[in-house]
Amino acid sequence: MILLGSAPCTAMVFVWSQLTKGDATYTLVQVSLNDIVMIFAYAPIV
């Protein structure tokens, strides 16, 4: 959880979304789903 929260790639998704004038809500949902999958699928492996 700590590594996931400190991952710079998560923050960069929001930066690139803003630079390309993307939909912030869609970006938030996609990042949230990705984080949930990582917590429940990747964490048990580690």
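Quick look at the numbers
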quantity	calculated
Within region 19-43, considering residues that are open to solvent by 100 Å² or more (accessible area, probe 1.4 Å) and modelled with pLDDT of 90 or more, the one nearest to the chain's Cα centre (by Cα)	Tyr26
Any hit, region 1-11, residues being open to solvent by 70 Å² or more (accessible area, probe 1.4 Å) and at pLDDT 80 or above	no
Complete set of residues in region 22-46 that are assigned to a loop (DSSP other than H, G, I, E, B) and among the small types (Gly, Ala, Ser)	Gly22, Ala43
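The values are calculated or read from the model by the stated rules, or taken from the named source; none is laboratory data. Model, not experiment: these values are computed from the prediction. What goes into the accessible areas is simple: the full protein's heavy atoms, side chains included, and nothing from ligands, DNA or RNA. Shrake-Rupley method; radii C 1.70, N 1.55, O 1.52, S 1.80 Å.
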